[in-house]
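The values are calculated or read from the model by the stated rules, or taken from the named source; none is laboratory data. This is a predicted model, so every value here is computed, not measured. We place every Cβ from the backbone using ideal geometry, glycine too, and count neighbours over all the protein chains shown. Calculation scope for accessible area: heavy atoms of the full protein, side chains included, ligands and nucleic acids excluded. Shrake-Rupley method; radii C 1.70, N 1.55, O 1.52, S 1.80 Å.
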Amino acid sequence: MAILSTPSTGIVNAFRMDNCVAVPMADIPLCHEDDFRRCVMQCHEDGARLVALFMPEPSELMAVLSADESGELAVVRAKIGNSFSSLTAELPSAQAFEREIQEAHGVRPEGHPWPKPLRRHADLEEPASPESAHSFFAVQGSGIHEVAVGPVHAGVIEPGHFRFQCAGETVLHLEIQLGYQHRGVEAALRNAAPGSRISVAESIAGDTSIGHGLAHTGAMEALAGVEPPLRAQALIGIALELERLSNHVGDLGALCNDVAFLPGAAWLGRIRGDFLNSLLDLSGNRLGRGFLCPGGIRFDPDDTCRKSILKKLNAADKDLQHVLDVVFRAPTVVSRFEQTGKLSRALADTLGLVGPAARACGCDRDVRRDHPSGIFRFAQIPVTVNDAGDVMARAFTRAVETRRSMRFLREQLELLPPGPIAVTMPALLPDHFVVSLTEGWRGEIVHMAMTDSRGALVFYKVVDPSFHNWLGLAMAMRGQLISDFPLCNKSFNLSYAGHDL
Amino acid sequence: MTNVLLERLRQGNRTSRFPRKAPDFPPSYRGRPLLFPSRCTSGCRGCEEVCPTRAVHAEPLRLDLGACLFCGRCEEACPAEAIVFSPDHRLSVSKREDLMLSAEKEFSLAGALDAKMKSLLGRSLKLRQVSAGGCNACEVEVAVLGIVVYDLGRFGIQYVASPRHADGILITGPVTKNMVHALRETYAAVPPPKLVIAVGACALSGGLFANTGETLAGVPDDIRVDLFIPGCPPHPFTLLDGYLRLLGKIDQKMDKRFRDAVSSSPASR
């Protein structure tokens, strides 16, 4: 790999690399801060979107961008001091990354329009309330009122604080303050024994154990210069799509619940269990925990297990088609889903949204097609794009994705390749850097890792799709009735733990 | 409307007969681990080394179920089958120390509430769930008990929206520093007498996040826990079994049926 200058792909002077391919750190050129900014903005203007912005080591800034159409990643790296000039005003998708940098490293993004802490670090001795810790953007005027919700919510969900500025029932602005779930995931990943890191990765967001697990094993395998055997690749793809199905179906049920279409909620809630129980058959855990390991997978399903999963899926597929047919024909459902929580394509691009939330706004992006790794290099799943940008589009995108994942699962389970399920992991390559992308059910999951001269992990960074998408939810609420918040929220169903790490 | 009714007929009744019937588990399922220290002759300590949460102690052989992720790595590492995961889903206990497994000690499942508490809560238990750093694995399994298969409502148990409406709280997560204040406030807002149920390796011991410096390594001592349910996350039937034991709704006949199911299960190895 070298620095390429091919204006046709738009990546000029940025270092180009591929998903899940480790490169020597020394190959990635260090540039001046001004050039960094110019190069990042040039890539962006040419159609690349920001995947991550972070500090791999003190006084070094790094940006990873994705040129989805050419399937390439661009890396830009610069030396910086105690501050750098903020990109947010020109590149709003950088906003949370810059706040994260300021909080974690004390390096100021000069000119950031709203540089408040991202994950509040409360002092145990002085428990901070959201009010004392942060200021919130406030709308002024007669009749304006503020609604504060959380961190503890009414349902069985994770904590976060939501601050609505309202005129009557209409939401003018929503600000979301997270950080309550901050557990120190990245430090835990760095410090864990090599064999235990996968357990931490599986716990980044519990409903995405396979997605984050796969992003992690992808990074480790690339750094070790190996890849899982074909049978393992197929089974990993199966587990990933089972996870997608369970979450899509569960959320479609929860959306029915939020518009009081209770039969749909009851049926879909039950069908979701068939996918979780298929993961249980595969791995011994309903969320698929313990299935993956660097180098492959830990459990090889015998033919009885394979057939039992196929049988379950066929029954679930039939039930699901019947139920979705009823749900999307119910006028009470459709009238509540349509025109609610609308986001434009332009805004989705500006905010750098990923996953079904972006695809429902017309953004044609999916890591499984754009940056394929593992089984997705050989078996493609068509990308589902809708352009209405409302709750209906988000629900329908996910409903169509269930059909397509189901077809993939059948194909793979019927023709499961024989052979071993794992390779032994050699030591990690010294002084290497890797970007590992996975299309989880919420969207693009990014794990990045770097080794030192002895091959030890010195840097590990995780970007959950929720990190991009939370601001999408806030923007989708503008001009909506506050009573539509639960519906909008569920149509995104973002991870708090994945954001807070 | 007709299509809704027709679909309702087609879907049929899907509620499980638990606890009158024992749940079915596939051979892959990992329930309560069993320890056989006499089989360990090599003293290799492999089980101890591979445990992601240091839940296993090789000599003498001990396993802290409160920190166990049920990943099965210790079983995999042991050449002598000194640790074997059984398909027994019953894991809930009343005291934290009861989760410290050893071959000498009989595993002591959670007992029922005393007569007074049982008369107060036995037929109607309202719980407020607080996620304090939980990754949403325990949370989804706690919430799933509401679906038709488990149908939590038939036992008089319900998750409620406010601690003021609750008889107790159910805590998940390692209790992050950023959530401890909200957790204590929620606990204080529940009118006494109140129950506390702690769910999952994180809430019981801090799990994988015990030593990151960002958590309290589980529910702090000032919040007294009445029921400990281990797992990462616990299977829904493990959770339901725990709730029902607390309310004295698992009788000896049911327990015998569960034991028989374990010994005849394809997951017994």
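Counting only complete DSSP H runs, which helices of chain A cover 24 Å or more along their long axis at the Cα atoms and score a mean Kyte-Doolittle of -1.0 or above?
Details: long enough: A:230-258 (42 Å, 0.37); A:262-283 (32 Å, 0.40); A:303-327 (35 Å, -0.30); A:391-414 (35 Å, -0.52).
Counting only whole DSSP H runs, the qualifying helices are A:230-258, A:262-283, A:303-327, A:391-414.
Both radii were evaluated on the Cα set of region B:191-267; the Rg over Rh quotient, with Rh as the Kirkwood radius, amounts to 1.08. On association of chains A and B, roughly 4700 Å² of accessible area becomes buried (total for both chains; probe 1.4 Å). Note on the protein assembly as shown: Rg/Rh from C-alpha atoms, Kirkwood Rh, equals 0.95. Report, in listed order, any pair from A:K307/B:K249; A:K307/B:K256; A:K490/B:K126; B:K95/B:K249; A:K342/B:K126 with a Cα-Cα distance greater than 30 Å. Exceeds cut-off: A:K307/B:K249; A:K307/B:K256; A:K342/B:K126. Evaluated on region A:12-57, the Kirkwood hydrodynamic radius is 12.0 Å, with distances taken between all distinct Cα atoms. Highest average first, the peptides A:384-397, B:87-100, A:329-342 ordered by how many other beta carbon atoms sit within 10 Å of their residues are A:384-397, B:87-100, A:329-342.
Per-atom-type breakdown for region B:1-103 gives carbon and sulfur 53% of the accessible area (1.4 Å probe, protein chains only). Charge tally for A:M450 (other residues, Cβ to Cβ under 11 Å; Lys, Arg +1; Asp, Glu -1): -2.
Between the listed residues A:A234, A:G218, A:I309, the Cα displaced farthest toward the positive end of the dipole of region A:204-318, a dipole computed from Cβ unit charges relative to the Cα centre, is found at A:I309. Look at the stretch B:35-47: the mean tally of other chain Cβ atoms within 10 Å of its residues' Cβ atoms is 0. Here the relative contact order of chain B, from alpha carbon pairs under 8 Å that lie six or more residues apart, stands at 24 percent. For B:K177, a cut-off of 20 angstrom between C-alpha atoms picks up these lysines, skipping any fewer than 8 places away in its own chain: A:K116.
Computed over region B:127-269, the percent of Cα pairs more than 22 Å apart is 41.
Relative to the Cα centre, the charge distribution of region B:83-223, modelled as +1 at Lys and Arg Cβ and -1 at Asp and Glu Cβ, gives a dipole magnitude of about 520 debye.
Taking the 1.4 Å solvent-accessible surface of region A:170-264 as the whole, the part contributed by carbon and sulfur is 55%. With all protein chains kept in place, the per residue accessible area of region A:267-309 amounts to 24 square angstrom at a probe of 1.4 angstrom.
Could you sort the residues of region B:126-157 by number and keep only those whose accessible area is reduced by 50 Å² or more in the all-protein-chain setting relative to the chain alone, 1.4 Å probe? Residues passing the criterion (a loss of at least 50 Å², heavy atoms only) are B:R128, B:C135, B:N136. Debye-formula intensities of region A:84-241, expressed as log10 I(q)/I(0) at q = 0.18 Å⁻¹, are -1.24 (one equal scatterer per alpha-carbon, no solvent). If you wrap region B:104-144 in the convex hull of its Cα atoms and look at it from every side, the mean projected area works out to 5.4 nm². Ligands, DNA and RNA are left out, and with a 1.4 angstrom probe the accessible area of region A:313-421 is 40 Å² per residue.
Peptide B:11-17 has a mean of 2 when you count, residue by residue, the C-beta atoms of other protein chains within 10 Å of its C-beta.
Given the options B:L34, A:Q380, A:S142, identify the residue whose Cα lies farthest towards the positive end of the charge dipole of the protein assembly as shown (+1 on Cβ of Lys, Arg; -1 on Cβ of Asp, Glu). Highest projection toward the positive end goes to B:L34. Counting only the Cα atoms, region A:371-430 fills a convex hull of 147 Å³ per residue. Each Lys and Arg contributes +1 and each Asp and Glu -1, all at the Cβ; summed about the Cα centre of chain A, the dipole is approximately 1100 debye. The contact residues of region B:55-79, meaning those that lose at least 30 Å² of 1.4 Å-probe accessible area when all protein chains sit together rather than their chain alone, are B:R73, B:E76.
Run the numbers on chain A and let me know its relative contact order in percent, using alpha-carbon pairs under 8 Å that are six or more apart. Mind dumping the intermediate values first?
Values: 1003 pairs, mean separation 91.2, N = 501.
Here the relative contact order equals 18 percent.
The spread of Cα positions in region A:1-120, taken along each principal axis and listed from longest to shortest, comes to 39, 27, 26 Å.
Could you list the square roots of 5 times each eigenvalue of the Cα gyration tensor of region A:238-292, that is, the equivalent ellipsoid semi-axes, sorted largest first and rounded to whole Å?
Details: eigenvalues 119, 17, 9 Å².
After scaling each eigenvalue by five and taking roots: 24, 9, 7 Å.
Ranked by the mean number of other Cβ atoms within 10 Å of their residues, highest first, the peptides B:37-44, A:236-243, B:121-128, A:364-371 fall in the order A:236-243, A:364-371, B:121-128, B:37-44.
Overall shape of region B:57-216 was characterised from the C-alpha gyration tensor. The equivalent ellipsoid obtained from it has semi-axes of 30, 20, 15 Å, in decreasing order. For peptide A:197-207, the mean count of partner chain Cβ atoms within 10 Å of a residue's Cβ comes to 6.
Return one quarter of the surface area of the convex hull spanned by the alpha-carbon atoms of region B:206-250, equal to its mean projected area, in nm². Projected area, direction-averaged: 3.8 nm². Residues in region B:179-267 average 36 Å² of solvent-accessible surface per residue, probe 1.4 Å, ligands and nucleic acids excluded. Taking all Cα pairs closer than 8 Å and separated by 6 or more residues, the relative contact order of region A:364-487 comes to 17 percent. Computed from the C-beta positions of A:F137 and B:N211, the FRET efficiency with R₀ = 51 Å rounds to 0.85.
Most tightly packed first, judged by the mean number of other beta-carbon atoms within 10 Å of their residues, the peptides B:146-154, A:83-91, A:58-66 read A:58-66, A:83-91, B:146-154. In plain terms, the bigger the Kirkwood radius, the slower the diffusion; for region B:1-128, with that radius from Cα pairs, at 37 °C and 0.692 mPa s, Stokes-Einstein puts D at 184 µm²/s. For region A:339-486, the alpha carbon convex hull comes to 136 Å³ per residue, rounded to a whole number.
Which residues does the label zone of A:R404 cover in region A:324-350, counting backbone N under 13 Å from a point 7 Å along Cα→Cβ? Nothing falls inside the zone, counting backbone N under 13 Å.
Computed over protein heavy atoms with a 1.4 Å probe, the carbon and sulfur contribution to the accessible area of region B:112-160 reaches 56%.
Entry note: chain B has Rg to Rh equal to 0.99, where both radii use alpha-carbon atoms and Rh is the Kirkwood radius. Over region A:185-224, with a single point scatterer placed on each C-alpha, what log10 of the ratio I(q)/I(0) does the Debye formula yield at q = 0.24, 0.25, 0.30 1/Å? Ignoring solvent entirely, the Cα scatterers give -0.74, -0.79, -1.06. Residues of region B:172-210 that bury at least 40 Å² of accessible area once all protein chains are present, compared with their chain alone (1.4 Å probe, heavy atoms only, ligands and nucleic acids left out), are B:K177, B:N178, B:M179, B:H181, B:L208, B:F209.
Between A:T304 and A:V147, the simple spin-label model (points 7 angstrom out along Cα→Cβ) gives 5.4 nm.
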